[in-house]
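The values are calculated or read from the model by the stated rules, or taken from the named source; none is laboratory data. Remember, predicted model here, so these are calculated numbers, not experimental data. We place every Cβ from the backbone using ideal geometry, glycine too, and count neighbours over all the protein chains shown. Just the protein is used for accessible areas: all its heavy atoms, side chains included, with ligands, DNA and RNA removed. Shrake-Rupley method; radii C 1.70, N 1.55, O 1.52, S 1.80 Å.
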Amino acid sequence: MLRFLTAGESHGPALVTIVEGLPKGLDVDVSGLGAELTRRRHGYGRGKRMSIEQDEIEILGGVRHGKTLGSPVAVLIRNTEWPRWREIMSPGPGAAGNEVTRPRPGHADLAGMLKYDTDDARDILERASARETAARTVAGYMAKTLLARSGIRIVSHVISIGDIVAKTSVPEPGEADKIDADPVRCLDPQASGEMVEAIDRAAEAKDTLGGVFEVVAHSVPVGIGSHVQYDRRLDNLLAGAVMSIPAIKGVEIGDGFEIAATPGSAAHDEIVRVDGTISRETNRAGGVEGGMSNGQPIRVRAAMKPISTLMQPLRTVDMTTGRADQAVRERSDVCAVPAAAVVGEQMVAFVLAAEVLRKFGGDSIADFETAVVAYRQRVADRTGG
Ligand SMILES: Cc1cc2nc3c(=O)[nH]c(=O)nc-3n(C[C@H](O)[C@H](O)[C@H](O)COP(=O)(O)O)c2cc1C
């Protein structure tokens, strides 16, 4: 079973990721890992912290001479801002200072203060912060490396920011660099420009913006996931993983919500034979039928709510005085949809890697590849592909 755990606070000394269940012999490239973490930091609309902060990575276990050992992989990401936070976030004795007593609507602050019985929302927000998604990126990067060995490629792009909606088609893996080069990771140049302007306007108005992104997984073999139990259905696993990203409030697979208003005759992907090969002319299902991949590209869309830390704060109550007040202001992003899309890639990659490993197993990467090739061949023989 492939699994990962993360630990660490946003302004603590470091984040830690432990990934267990990777086969032996998978390449782990520190510079590739660093590049993936950089992708998560970028995107127009992110706060100043993203340009200050560097991700200093150290592999602590599970890798020897650039390859996994089959044992748990442990990775440390040092917080380069730690010296400034040493006192406030000290794991040993220290002075808290500047306690956060005015919870932000839309953040974890109030529910966490009440649940964990604290007057200082910093005890909560430090872990609720999306900084934790840097640690997830470590696991996602390893998942992507494994998926690449089975021919699976993952790409994401931004579909909308605020009310600006891009005209898009499903991006191919070859377009990944072009998407990354765009300030908002959008393939429609006109919409991209308008999105940047919308973010500027929001920043000027001390407001924030959300949006929608899509993650696409190409060349996923048919039959990943299963129909036999609710917790083995691939759509369940994908939706849960993507929904776990902070600020994601809606997830759809394929044409999702739109298809609810479509008659059945126009909602499905007819099965046809083209030049002897069984295939589909459409992909409304987004590559998943009956909880299993169906061999089409997997498309997962996610709706991100606007960032809840506002420079023009919303109304709240100070939890120590009980009086009406304004929510606390932390250094914050105006829009993080492009970065969230990168995190979406990591979560989709991790789910697929776990399910691919469940299907093909293999203690070594060579065993894994052999099983994948044999299975792909058997399916191709049956479908004429
Ligand atoms: C990549 C990324 C960056 C984020 N940046 C911020 C931020 O700068 N400020 C903020 O208040 N929330 C930010 N969020 C969202 C919060 O982490 C999230 O709203 C909060 O933890 C409450 O969880 P919920 O929105 O899922 O209910 C970000 C989310 C993601 C995915």
The one condition in (1) more than 12 Å from P105 (Cβ to Cβ); (2) more than 10 Å from the ligand (Cβ to nearest atom) that A339 fails to fulfil: (2)
Selection from the range 191-201 of residues that are within 13 Å of G47 (Cα to Cα) and among the aliphatic types (A, V, I, L, M): I199
Of the conditions (1) out of contact with any Phe, Trp or Tyr (no Cβ under 7 Å at 6 or more places or on another chain); (2) aliphatic (A, V, I, L, M); (3) open to solvent by 70 Å² or more (accessible area, probe 1.4 Å), the single one that I18 does not satisfy is (1)
So V334 passes all but one of these: (1) within 16 Å of the ligand (Cβ to nearest atom); (2) surrounded by fewer than 16 Cβ atoms within 10 Å (Cβ to Cβ); (3) not acidic (D, E). Which condition number does it fail? (2)
Would you mind stating whether I179 is under 20 Å from I154 (Cβ atoms), in contact (Cβ under 8 Å) with a residue 12 or more places away in the chain, part of a helix (DSSP H, G or I) and open to solvent by less than 10 Å² (accessible area, probe 1.4 Å)? yes
Could you list, ordered by first residue, the pairs with Cβ atoms under 9 Å in which the first is in the range 234-250 and in contact (Cβ under 8 Å) with a residue 60 or more places away in the chain and the second is open to solvent by 20 Å² or more (accessible area, probe 1.4 Å) and of a type in the set (D, E), at least 6 apart or interchain? L237/D231; A239/E252; P246/E132
Within the range 289-385, strands (runs of 3 or more DSSP E) holding 3 or more residues that are of a type in the set (A, V, I, L, M): 298-304
Among the candidates L33, L22, which residue alone is assigned to a helix (DSSP H, G or I), under 30 Å from I365 (Cα atoms) and either within 23 Å of the chain's Cα centre (by Cα) or among the β-branched types (V, I, T) (or both)? L33
Within the range 221-248, residues being out of contact with any helix residue (DSSP H, G or I) (no Cβ under 8 Å at 6 or more places or on another chain) and either within 14 Å of the ligand (Cβ to nearest atom) or over 12 Å from E355 (Cβ atoms) (or both) number 6
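Output yes when any residue across the range 118-126 is away from the ligand (no atom under 15 Å from the Cβ), more than 29 Å from S31 (Cβ to Cβ) and in contact with an Asp or Glu (Cβ under 7 Å, 6 or more places away or on another chain), and no when none is.
yes
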Expected output for the range 290-309 (first residue on the phi > 0 side of the Ramachandran plot, partner β-branched (V, I, T) and modelled with pLDDT of 95 or more, Cβ below 7 Å, 6+ apart or cross-chain) is G295/V222
Looking across the range 281-331 at residues that are within 14 Å of the ligand (Cβ to nearest atom) and under 30 Å from A267 (Cα atoms), the single one that is farthest from the chain's Cα centre (by Cα) is K305
Is it true that some residue in the range 127-145 is over 16 Å from the mean Cα position of the chain (by Cα) and surrounded by 19 or more Cβ atoms within 10 Å (Cβ to Cβ)? no
Selected residue (criterion: modelled with the highest pLDDT) from residues of the range 96-112 that are more than 16 Å from the ligand (Cβ to nearest atom) and open to solvent by 60 Å² or more (accessible area, probe 1.4 Å): E99
